[in-house]
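Structure, as structure tokens:
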Amino acid sequence: VIESVTEFREEFKKLLDSLEGVKAVVVFIDDLDRCLDDTVIYVFEAIRLFLQVSSTAFVLAANRSIVQAAIERRYPAAHDGGLALGKDYLEKIIQIEITVPPLAEAEAETYLNLLFAELRLDDAQMIKVREAVALRRRQGQFAVAMNYGIAKDALGTVSAELEADFTIANRIAPTLSRGLRGNPRQLKRFLNTMLLRMATAKRRSVELDSAILAKLMVL
């Protein structure tokens, strides 16, 4: 029975040292900002047990402001007007913070085009498309990495349906990028809503022009 934190860390270090070919243990924690306040604190307390063990790292993906607010609700200021503890709490645990920037217009168009491509292409074709995107990314980070011309070069031919999809993305990406602040989740939700409306109309034998529908949804 392990009776202290120090003993636990020593045993855990022995375990890591015994694993051949393992240089480090990296734990990825996603969606921490969707947890209840108590769960957020419990996760951080668990992380602190491992932080003193060499060759161990944690990568957190979360909205900092939401996580900080959860900590401050658990540990409010000592007195009225006192400084909240959330910021200091996080700074003691998080060593490196990387802020993911919003998608620029070119990136938003690339993302929408890739979502459309996934709907129209098989796995083998998507591999070619992703390879083309990766090549464009290496050549320049701020240009559109997937559109009709790039897809045609990679695949040889592009279906009329996918060509129409690319045209829609080209027209709505700039406005969506600004209006949705370059949020990939919001972009995907917009596209899912549009496709759902198209499918609903089809079941009701209603012909909808996807380009017009997209523009109306943008408005």
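The values are calculated or read from the model by the stated rules, or taken from the named source; none is laboratory data. These numbers come from a predicted model, not from an experiment. Note that each Cβ is placed from the backbone with ideal geometry, even for glycine, and that neighbours are counted across all protein chains shown. Each accessible area value is taken on the protein alone, full model and side chains, heavy atoms only, with ligands, DNA and RNA left out. Shrake-Rupley method; radii C 1.70, N 1.55, O 1.52, S 1.80 Å.
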A chain fully extended from residue 30 to residue 138 at 0.36 nm per residue, minus the present Cα-Cα distance, gains in nm 36.1 nm
Heavy-atom accessible area with a 1.4 angstrom probe orders 45, 97, most exposed first, as 97, 45
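From the Cα gyration tensor of region 1-55, with a ≥ b ≥ c the square roots of its eigenvalues, which class applies: rounded if a/c is under 1.5, or else prolate if a/b is larger than b/c, or else oblate?
Details: a/c = 3.43, a/b = 1.53, b/c = 2.25.
The shape class here is oblate.
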Under a 1.4 Å probe, counting only protein heavy atoms, residue 163 has an accessible area in Å², nearest 10, of 80
Rounded to two decimals, the Rg over Rh value of region 104-144 from Cα coordinates and the Kirkwood Rh reads 0.99
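Looking at the square roots a ≥ b ≥ c of the eigenvalues of the Cα gyration tensor of region 108-219, which shape do they give, rounded for a/c under 1.5, prolate if a/b is larger than b/c, or oblate? Please report the intermediate quantities before stating the final value.
Working: a/c = 2.18, a/b = 1.35, b/c = 1.62.
Verdict is oblate for region 108-219.
Averaged per residue, what accessible surface does the chain expose to a 1.4 Å probe, in Å²?
Working: 14940 Å² over 219 residues.
Solvent-accessible surface per residue comes out at 68 Å².
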Candidate span helices, the chain: DSSP H, at least 18 Å along axis from Cα coords, Kyte-Doolittle average at least 0.0, result 37-51
Sorted by chain and then number, the residues having a modelled amide H within less than 5 Å of the amide H of residue 58, at least 5 places away or on another chain, are 27
With the 8 Å Cα cutoff and a minimum separation of six or more residues, region 69-161 has a relative contact order in percent of 23
By the Cα gyration tensor axes a ≥ b ≥ c (a/c under 1.5 gives rounded; else a/b larger than b/c gives prolate, otherwise oblate), the shape of region 1-126 is oblate
Under 16 Å between C-alpha atoms, the lysine pairs in the chain lying 8 or more places apart or on different chains count 4
Label model pair residue 160, residue 178: point-to-point distance (7 angstrom along the Cα→beta-carbon line) in nm is 3.4
Given backbone amide H placed at 1.01 Å from N, residues whose amide H is under 5 Å from that of residue 183, ignoring those fewer than 5 places away on the same chain, are 103
In the chain, taking the dipole from +1 charges on Lys and Arg beta carbons and -1 charges on Asp and Glu beta carbons about the Cα centre, the listed residue (140, 99, 205) farthest towards the positive end is 205
Per the 1/(1 + (r/R0)^6) rule, R0 = 41 Å and r from the Cβ atoms of residue 93 and residue 192, FRET efficiency to 0.05 is 0.70
Reviewing [x] 23.9, 69; [y] 16.2, 53; [z] 17.5, 55, the figure for Rg and Dmax of the Cα atoms in Å actually calculated from this model sits under [x]
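Can you give the charge dipole size of the chain about its Cα centre, rounded to the nearest 20 debye, using +1 on the beta carbon of Lys and Arg and -1 on the beta carbon of Asp and Glu?
Its charge dipole is roughly 840 debye.
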Net charge near residue 134 (other residues with Cβ under 15 Å of its Cβ; Lys, Arg +1; Asp, Glu -1) is +2
Under the helix-only model (-39500 (n - 2.57) for each DSSP H run of 4 or more, divided by the residues of the chain), the mean residue ellipticity at 222 nm, to 500 deg cm²/dmol, is -20500 deg cm²/dmol
The rounded separation in angstrom of the Cα centers of region 143-174 and region 6-24 is 50
Toy charge model, Lys and Arg Cβ at +1, Asp and Glu Cβ at -1: region 1-116 dipole around Cα centroid in debye, rounded to 20, equals 220
Rounded to the nearest 10 Å², the 1.4 Å probe accessible area of residue 198 is 50
Scoring region 1-114 by relative contact order with C-alpha pairs under 8 Å, at least six apart, yields a percentage of 23
So the FRET efficiency between residue 126 and residue 10, C-beta based with R0 = 45 Å and rounded to 0.05, is 0.40
Once residue 38 and residue 61 are pulled to full extension, the length gained, defined as 0.36 nm per residue separation minus their Cα-Cα distance, is 6.5 nm
